[in-house]
Each structure stands twice: as structure tokens, then as C-alpha cells.
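Comments concern the structure below.
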Amino acid sequence: MKKKVTKIITVVVIILVLLGIISSAVIGKMVADGVMYQNENTDTKTASVRQLIEGWEYDLDGFYSRYEGTEVSAVAEDGNVVPGTAFKADEESDKWVVLVHGAGGDRVSVYPLAEQYLMRGYNIISIDQRGCGDNEDKKVTFGINESLDVAAMVQYAREERGASEVIAHGQSMGGQTVAIYASNVTPGEANAADAVICDSPVPGMEYMLRSVFAESDNEEDFYNASTNYMIFVGKIATKLLYDVDFADGDTIAEVAKDKLPTMIIRSEKDTTCLPEKVQEVYNNIGTDEKVIMSVDSAHIEGVIDDPEGYMNGVMDFLGSYGL
């Protein structure tokens, strides 16, 4: 009788373990798919226009009346085609800036920033990140694969547009993309920018996912049992299904490899990428050629609230490197 009971208990335990593994695999896949295809049901083009017009009261029609864009593209190292729009400040200018937008929008969302550069004689290429706009790769990898697109467009600006200098400037998740990009190119090569600017960069893939899963602004809640479980199964599934490693999207860790002149912009009223986390990104940048600028604004709104002050800081940084 005792052996029979033991056998029953063993079978039950095995069944429970198997059910746990199966359910974890299902949940892990749901997490991975939800992260990778986070914009699947989002019209990122409409979202950008709505943010500019309704959120920031930006004169988008006025921008289009002043500047005529040309569709461009480049091919990334992994074969992804990177779509973008190029704007010329004037025929004489040979300085180019590659602009990289944040999550949930597309290339149009950075046009207020583009306008400020164009007014100062810099040509612009604004790109669509993966999972956004017209980019055919629908998977969002928090700058990991997107950084390849930036490298491709920087090289395009040099080789196809005859750029004398190229700057990469990203906002929010675009700032994260640019930071990861800067940490994985070699200075002096065609795909390496002369300097990079990261406005309110996302501090890390796992960090942002924890904040979403915890549904809290309190960092202590990011590490509760349910969030830890979601991150654990999500990490495994994302690596197995998409060959994406959360660690490669850890901005704070990755920037230790950065060898390019780098500017970080910290928004003091930021509740999305907290000022102290953005400060950590800056602190860990590997190069000594780095500066940080603080703006008294909400997330990436420095160029909206005080475009003159914002660009004065940017120009001071670029000017110190003859850019």
C-alpha cells in the first residue's frame, strides 16, 4: 500500500512539473511575442502625427511647406532594408545627421528636431526603426538589431551623399538604439558616426519590461515574484525563438564599450526614462569624450519646450569636435 501511494505521488508530481514547464513555455512565448511584436496593432504613422499636432501643437504642415523630403534607403548588415527620408538644408552643406525616433512612432515624430538642425545648416536623414513605419522588419528589439540600421544609414550618408561629417541623434528608444550602435562600431570606419547624441535613452530592455510587467513607477516593484517570473520565462523564449538576448539591450552595460564622442540629454521631469537612470547611462560610457546636458522638461520634450536652449547645448557639443 505504501509503495502504491508513493507511486501515485510521484506520478502527480511529474504531471505537475510537466504542466508547469508547458505553462511556462506558453507564457514565455506570449511574453516574447508581445515584446517583439509590440507595435503589431499600432498605426505608428498616425501615432506620430497625433503626438506632434495634438500633443505638442507642432506645425507639421509648416514643416512640409519649408522642406521637401526625398525617400532613401540603406541595407543593414543582416539584410534589412532601412527606410528613411532625407532633407537638404542647402546645396552647399555636406554635414548629415541621422535621426532615430522612439517607441510607438515613426520617422515623422522627430521632425521638430530635424527642423532645428536644418535651420542650422545640417542635412537630415530620419529613419523608421524596426517594427515602425515602413520598416519591413516588424520585430522590436530595443536597439539590438535596430543599431545595425543606424550603422547602415551612417555609411549611406558617407558613401552615397558625400558626407564630410555624420552625427547620429536618437530620442528615447531611439536614444537607446544610438547608444547601443555607438558601442558596437569602430571609430574611423565608414559606418561609425563622428559623434552621437542620446536624448533620454531607455536605460535597458529588461529594465523597461520590468516597469511594464510591474505596472508601477516604484522600482522596488520591478523585482516582485510575478515580474521576476515573467522576465525569466520571457528571456528564455526570446532567445530561443528570436535569438535576442536581453543583455545585449542593457544600455547601461553596453555603453562601457562606446568609443565615440557622446552627448547624453537628461530630462529632469522625465517619468519614462528616469533622470537617475539616464545619469547611470552617462556614468558608464567608456569614452572620456562625453558630456551630459540637463533640460527642465518631460520625456524628450526639451527640443519642444526650449528649442533654442536645447540646440545651443547640442551645437556647443558638436562645435567642440569641429562638427
Report task. Per residue of the stretch 198-207, in order, report the coupling 6.51 cos²θ - 1.76 cosθ + 1.60 (Karplus, θ = phi - 60°) as ³J(HN,Hα) in whole Hz, putting x for Gly and Pro. Result -> 10, 8, 6, x, 4, x, x, 4, 5, 4
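So what are the chain's ellipsoid semi-axes, whole angstrom, largest first, if each one is the square root of 5 times an eigenvalue of the alpha-carbon gyration tensor?
Values: eigenvalues 327, 77, 71 Å².
Values for the chain, descending: 40, 20, 19 Å.
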**Report entry** Amide H contacts under 5 Å for D106, placed H, 5+ residues apart
**Finding:** S48
Query raised in the report: In the Gaussian network model of the chain, springs joining C-alpha atoms below 10 Å, which of G313, G170, G79 carries the largest mean-square fluctuation?
Result: G79
Report summary line: Debye calc, one equal point scatterer per Cα of the stretch 91-226, no solvent, log10 I(q)/I(0) at q = 0.16, 0.18, 0.20 1/Å comes to -0.78, -0.95, -1.11
Report task. Rank these for me by crowding, L60, L148, going from fewest to most other beta carbons within 10 Å. Result -> L60, L148
**Report entry** Relative contact order of the chain, pairs being alpha-carbon contacts under 8 Å that are 6 or more residues apart, as %
**Finding:** 15 percent
Requested in this report: Hey, can you grab everything whose amide H is under 5 Å from the amide H of A193? Only 5+ residues off in sequence or another chain; H modelled, so Pro and N-termini drop out.
Outcome: none
Report summary line: In whole percents, the bins of 10 Å from zero upward hold the Cα-Cα pairs of the stretch 162-217 as 23, 41, 23, 10, 3
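Between beta-carbons, use under 12 Å as the cut-off and find the net charge around E165, counting Lys and Arg +1, Asp and Glu -1. Don't skip to the answer; put the middle values down first.
Values: positive: K95, R158, R161; negative: D94, D194.
Net charge in that neighbourhood comes out at +1.
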Report task. For the stretch 148-255, count the residues as N, evaluate 2.2 N^0.38 Å, and divide the Cα radius of gyration by that value, please. Result -> 1.27
Query raised in the report: Taking amide hydrogens as modeled 1.01 Å from N in the peptide plane, which residues meet the under 5 Å criterion relative to V244, leaving out close sequence neighbours?
Result: K239
Query raised in the report: Residue farthest toward the positive end of the dipole of the chain, with Cβ of Lys/Arg at +1 and Asp/Glu at -1: which of I21, V278, G322?
Result: I21
Query raised in the report: Under a GNM of the chain (C-alpha, springs under 10 Å), which listed residue has the highest mean-square fluctuation: V255, V72, V178?
Result: V72
Query raised in the report: Quick one: Karplus J couplings for the stretch 237-247, per residue in order, coefficients 6.51, -1.76, 1.60, θ = phi - 60°, nearest Hz, x for Gly and Pro?
Result: 5, 5, 5, 5, 7, 10, 6, 10, 9, 3, 4
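None of the figures in this text is laboratory data; all of them are computed from the coordinates on show. Note that this is a predicted model, so its numbers are computed, not measured. Backbone-built Cβ (ideal geometry, glycine too); neighbour counts: all protein chains shown.
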